[in-house]
Amino acid sequence: MNAPLIDRYPLAFKLYPYARSADQDVATPARHPVVIVGGGPVGLAAALDLGLRGQPVVVLDDHEGVGQGSRAICFAKRTLEIAHRLGAGADMLAKGVVWQKGRVFHDRDEIFDFDLLPEAGHRCPAFINLQQPHFERFLHEAIERANAGGAQIDVRGKNRVDAMQADHTGALLDVMTPEGGYQIHADWLIACDGARSPVRDMMGLGFEGRVFEDNFLIADVKMTADFPTERWFWFEPWFKSGSSALLHKQPDDIWRIDFQLGWDIDREKELKPENVRARVDAMLGADVEYELDWCSIYTFQCRRMEKFRHGRVLFAGDSAHQVSPFGARGANSGVQDADNLAWKLDMVLRGQAPESLMDTYCQERVAAAEENILNSTRATDFLTPKSSVSKAFRDAVLSLAQEFEFARPLINSGRLSVPCVYDAHALNGEDALEGPARTRPGAPCPDAPLGNGFLLDQLGPDFTILSIGAGLEGTFDVAGQTLRVVAVTEDEAKGPIAERYLGGAASAVYLIRPDQHVAGRWPSADVAKIAVALDRATGRVTHAA
Amino acid sequence: MPLNTKANLGNPDGFYESLVGAHDGLSEAQSEALNARLILLLANHIGDLAVLRDAITKARQNIPK
Ligand SMILES: Cc1cc2nc3c(=O)[nH]c(=O)nc-3n(C[C@H](O)[C@H](O)[C@H](O)COP(=O)(O)OP(=O)(O)OC[C@H]3O[C@@H](n4cnc5c(N)ncnc54)[C@H](O)[C@@H]3O)c2cc1C
């Protein structure tokens, strides 16, 4: 494959212009511990996380920056918390439009509303809306800051992976650049090359699932309007611009509008500006002034790879799983893949954990992908009923919802992204605390105010002990390792942190993974028990299932 | 509580008459809508997913060919 390097899409931001690498001038392929294919949100997050952990990382992308078109706009709380840990969260929060409420209409009537974060005491909001190019740009800026501080993250633009050979030592890649091809060897390869993943194809791996027979038209429009910053969704809207419609605010006075068009459509005709405008006018009123910023028609599928680990090749993000946009589970879950993968691979590379730890990346993230696909499929079946009976039930729910409260929770316009709890997974340790269910082993730690800041800011990047009224402070030696202790005194143990981590218990000791998921919890510090949990959470000792 | 498949209707003939009678004068599509609304109302009243799933399974078994 020596096809010329042509941009497949125009760039919104040129971030990493092509520059010749020393690897292009050596006789035998250079070896790198980690090579990432794809500089989308997931590849950049994985690179940043590994780079901050001290691993040299090469990222190969066939473009020189971020593509135009906003695609993802809704970034969830957990993603923002991860971005915060990686040093990119503050920029995202400053630019993004914060929201947490949504309303659902049928025809003209409001039939349902929701609040995604009805409790206080979290640094990050339930959601922000931010155009995907900005999300990626902020990650890349954080990479540049990390590099200035000594990290070695080498993002190579216009470096396209054309072929590969994988074996138990890693993968040998054929890379094409504007100046010709070269080869590099990756001890570990992370494929973050998107839904059409060339790496997946080169390895002959499958990507099975369901295609949904419907088309959605996105019109991002620029206008000054005073609609609230809520997610508004219409089933069978009175303005008849589609069988459903969505309106949602983005930064810079851009509004995401989305219309459901049905299956048999003429794409070219529908994308003509005058036809897009006719639909938008019907929705907003002919007197509202706006500019069309970006339009696109998309169809969608729910599918995943059977396994996300194939020897020394790991798949993350859209290359591994794909969902419909309703629920905003694509990029959000991909960033969580990176969060799960980075600390594990770092420990394996340092010889602190066996290679088999990477199998738990696959197990935990397959479970998350299953959950996302389930939610996405259910929402899609509600939006796009696949039979006349399915449509009859959907319409029955909508008509009952106006009159009867019971039908409202059945309305499904997308269940928005929440992180997966890794229940009953191999890395989970003991739950010896009569504590709240939301902080059980496997759960992501909920945030809470602590001191002048927030709890999550103090958790990670390594395994951490959280001691609440249990008398620990400073560091804690366990299983030959010294763990940092986040100490919450008895006096501080009230309000949200007590509600979320103590429940009815008087004191608690939590072992927390580098990705801020709970590994185990006890009423007090018992070194022997924590040692067992730490060995298990790092895959050094696998427990008899 | 398991799905009750013992006789439980106080007035079986009266119920049956009301159920079929509710469809009088409706088109097939309207009847389908009525059935869907009715099932949803009753399902909410029952509330217990295990019981509902049991009922769905039993209703689905032995569907005439
Ligand atoms: C209309 C729409 C709306 C969406 N809304 C949301 C939302 O609100 N929230 C959300 O979380 N998600 C949303 N998504 C999903 C989200 O856009 C994707 O999940 C996300 O982009 C996946 O990121 P990624 O890094 O895995 O892959 P990508 O973003 O696809 O990045 C892959 C990268 O790999 C590069 N690449 C490909 N092949 C090669 C090669 N051979 N060599 C080198 N580089 C290569 C590509 O150029 C690209 O830069 C939406 C998607 C759509 C279509």
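Below are the figures for this structure:
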| quantity | calculated |
| --- | --- |
| Residue in the range A:9-32 that is hydrophobic (A, V, I, L, M, F, W, C), under 24 Å from the mean Cα position of the chain (by Cα) and surrounded by fewer than 18 Cβ atoms within 10 Å (Cβ to Cβ) present | yes |
| Among the residues listed as A:Ala533, A:Ala487, A:Ala519, A:Ala506, the single one being modelled with pLDDT of 95 or more and assigned to a helix (DSSP H, G or I) | A:Ala533 |
| Residue match in the range A:412-420 (condition: closer than 19 Å to A:Gly539 by Cβ and β-branched (Val, Ile, Thr)) | no |
| Selected residue (criterion: farthest from A:Asn275 (Cα to Cα)) from residues of the range A:210-252 that are open to solvent by 60 Å² or more (accessible area, probe 1.4 Å) and under 26 Å from the mean Cα position of the chain (by Cα) | A:Arg210 |
| Some residue of the range A:453-466 being crowded, with 20+ Cβ neighbours inside 10 Å, charged (D, E, K, R) and within 29 Å of A:Leu50 (Cβ to Cβ) | no |
| Residue match in the range A:411-426 (condition: in contact (Cβ under 8 Å) with a residue 60 or more places away in the chain, farther than 22 Å from A:Thr475 by Cα and within 14 Å of chain B (Cβ to nearest Cβ)) | yes |
| Listing of helices (runs of 4 or more DSSP H) fully contained in chain B that carry 2 or more residues being more than 13 Å from every other protein chain (Cβ to nearest Cβ) and among the small types (Gly, Ala, Ser) | B:12-21, B:49-60 |
| So A:Ser324, is it touching a Ser or Thr at 6+ places or on another chain (Cβ under 8 Å), assigned to a loop (DSSP other than H, G, I, E, B) and buried (at least 22 other Cβ atoms within 10 Å of the Cβ) | yes |
| Among the residues listed as A:Leu261, A:Leu271, the single one being more than 12 Å from the ligand (Cβ to nearest atom), touching a residue at least 12 places away in the same chain (Cβ under 8 Å), touching a helix residue (DSSP H, G or I) at 6+ places or on another chain (Cβ under 7 Å) and over 28 Å from A:Phe308 (Cα atoms) | A:Leu261 |
| A:Gln481, sole failed condition from (1) modelled with pLDDT under 95; (2) within 19 Å of A:Gly121 (Cβ to Cβ) | (2) |
| Test: residue in the range A:353-376 that is open to solvent by 10 Å² or more (accessible area, probe 1.4 Å) and touching an Asp or Glu at 6+ places or on another chain (Cβ under 7 Å) | no |
| Lone qualifier among A:Gly69, A:Gly40 - being within 11 Å of the ligand (Cβ to nearest atom), within 14 Å of the chain's Cα centre (by Cα) and away from chain B (no Cβ under 14 Å) | A:Gly40 |
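Okay, residues lined up against (1) more than 15 Å from the ligand (Cβ to nearest atom); (2) within 14 Å of chain B (Cβ to nearest Cβ); (3) under 30 Å from A:Arg231 (Cβ atoms):
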site: A:Ala126; (1), (2), (3): no, no, yes
site: A:Ile143; (1), (2), (3): no, no, no
site: A:His168; (1), (2), (3): yes, no, no
site: A:Met176; (1), (2), (3): no, no, no
site: A:Gly181; (1), (2), (3): no, no, no
site: A:His185; (1), (2), (3): yes, no, no
site: A:Arg200; (1), (2), (3): no, no, no
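The values are calculated or read from the model by the stated rules, or taken from the named source; none is laboratory data. Only a predicted model underlies this, so the values are computations on that prediction, with no experimental measurement involved. With ideal geometry, Cβ positions are generated from the backbone for all residues, glycine too; neighbour counts draw on all protein chains shown. All accessible areas refer to the heavy atoms of the entire protein, side chains included, with ligands and DNA or RNA removed. Shrake-Rupley method; radii C 1.70, N 1.55, O 1.52, S 1.80 Å.
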